[in-house]
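K.L.:
Quick one: the structure is below, and I'll ask about it shortly.
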Amino acid sequence: MRKTSTKSKAAATKKAGTAKRAPARKRKLTDMEALEALHADKRIDIIDDERSMGNSLIVNLKDGWRFNDEGEHVFGEDSAVEALESMKRVTACGCDDCLKALGRFEAVGA
Ligand SMILES: [Zn+2]
């Protein structure tokens, strides 16, 4: 058996140990991880990352979903982590636009 570098093996073990411990303590998500979670969220239509232009990370919700108020389908945050946190406030929208878009008279999901 070929002896590989013990250094890299030790590093890998250390890394695995860290990863294993992380979920127990509520680890803060990185911006990239939060962005991935946002992209995986089926309530979101489009995410416009305009942060490089000095604007916000703009989240466009799909038809049938709203942010704070009925008819509020878009919101912006300074970071993906904040946007992901804000997604907890997203609920079903029953505004006229959504009903029309969905072609029905009751909100979807909820
Ligand atoms: Zn709506």
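Readers should treat all values here as calculations from the given coordinates under stated rules, not as data from a laboratory. The shown structure was predicted, so the numbers you read here are calculated from the model rather than taken from an experiment. Don't worry about glycine lacking a Cβ; one is built from the backbone with ideal geometry, like all the others, and counts go over all protein chains shown.
K.L.:
Please say if the stretch 28-102 is rounded, prolate or oblate, where rounded means a/c under 1.5 for a ≥ b ≥ c the square roots of the C-alpha gyration tensor eigenvalues, and otherwise the choice is prolate for a/b larger than b/c and oblate otherwise?
P.N.:
Prolate.
K.L.:
Take every Cα pair under 8 Å in the stretch 28-102 that's 6+ residues apart, average their separations, divide by the length, and report that relative contact order as a whole percent. Walk me through the numbers on the way to the answer.
P.N.:
Values: 118 pairs, mean separation 22.6, N = 75.
Once normalised by length, the contact order is 30 percent.
K.L.:
What does the highest-first list of 67-79, 41-53, 83-95 look like by mean Cβ count within 10 Å?
P.N.:
Working: 67-79: 14.8, 41-53: 12.8, 83-95: 17.2.
The packing order, highest mean first, is 83-95, 67-79, 41-53.
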